[in-house]
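To start, the structure under review is shown below, and the notes come after it.
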Amino acid sequence: MGNIDDNYTFYLKIFFKNIEDSVFVKIRKKESERFERNIDLFNENKRRVIFFNCDTIDGKSIGVNLAHIQAVQILWEPSAYIEDLKHYGGPIKMLLKDRKEAIETDTSDPEELHDFYSDLEHGPEIVGSFSGFTDEDGERIVININELLYIEAPRTLMNEGWKIVKERDGIV
């Protein structure tokens, strides 16, 4: 049986340069602990990957560029266990370095979105500096991975993309 705090709600309050509002992410304890391990590895220069990707309690899949965090508060509160939201109906939202306005878009190609997140996780040393996906209008959006601070997308899209990738690549 797990610890009582396994079901606490944890929050990452992330501060980026030139972004007026902090990014507020609601996650489970295991993701909070994984975030702290990633920060430790990044500090020790043992991690070439600059993005921390995870799912949130409120139905999003996020990516955070560790290299551009100015500060982060890791907050928690005791709470009754609530199920993670299965559906977040918002757009894909991206924050770029030195830009105050977020880019908001959507996609009809969950496989490409999943591959984009995978590129973030592998990092520019492996996949190159630019990666992207096709938006809902069938137009390409290409992002310099080094300039991307934060991304959030509906987890349902990511799950659908992962299902397609598993079938495509024969992953059991």
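The values are calculated or read from the model by the stated rules, or taken from the named source; none is laboratory data. Everything quoted here is computed from the prediction, not taken from an experiment. When we count neighbours, we look across all protein chains shown, and the Cβ atoms used for this are built from the backbone with ideal geometry, even at glycine.
Observations, loosely collected:
- The range 52-81, residues that are aromatic (F, W, Y) and closer than 17 Å to F15 by Cβ: F52
- Meets criteria (free of Cβ contacts under 8 Å to residues at least 12 places away in the same chain and either within 24 Å of I50 (Cβ to Cβ) or part of a helix (DSSP H, G or I) (or both)) for E101: yes
- Candidates E121, E136 - the one that is in contact (Cβ under 8 Å) with a residue 40 or more places away in the chain, surrounded by 12 or more Cβ atoms within 10 Å (Cβ to Cβ) and among the charged types (D, E, K, R): E121
- Selection count, the range 47-76, where residues are more than 20 Å from I19 (Cα to Cα) and assigned to a loop (DSSP other than H, G, I, E, B): 7
- Contact map, the range 34-45: first residue buried (at least 16 other Cβ atoms within 10 Å of the Cβ), second residue modelled with pLDDT under 85, Cβ cut-off under 8 Å, separation 6 or more or different chains; pairs are N38/R47; F42/I50.
- Failed condition for T156, given (1) under 23 Å from F24 (Cβ atoms); (2) surrounded by fewer than 16 Cβ atoms within 10 Å (Cβ to Cβ); (3) among the polar types (S, T, N, Q): (2)
- Within the range 142-153, the residues that satisfy the criterion of being in a strand (DSSP E or B), of a type in the set (V, I, T) and either at pLDDT below 95 or surrounded by 16 or more Cβ atoms within 10 Å (Cβ to Cβ) (or both) are I143, I151.
- Scope the range 154-172; condition among the small types (G, A, S) and part of a loop (DSSP other than H, G, I, E, B); matching residues: G170
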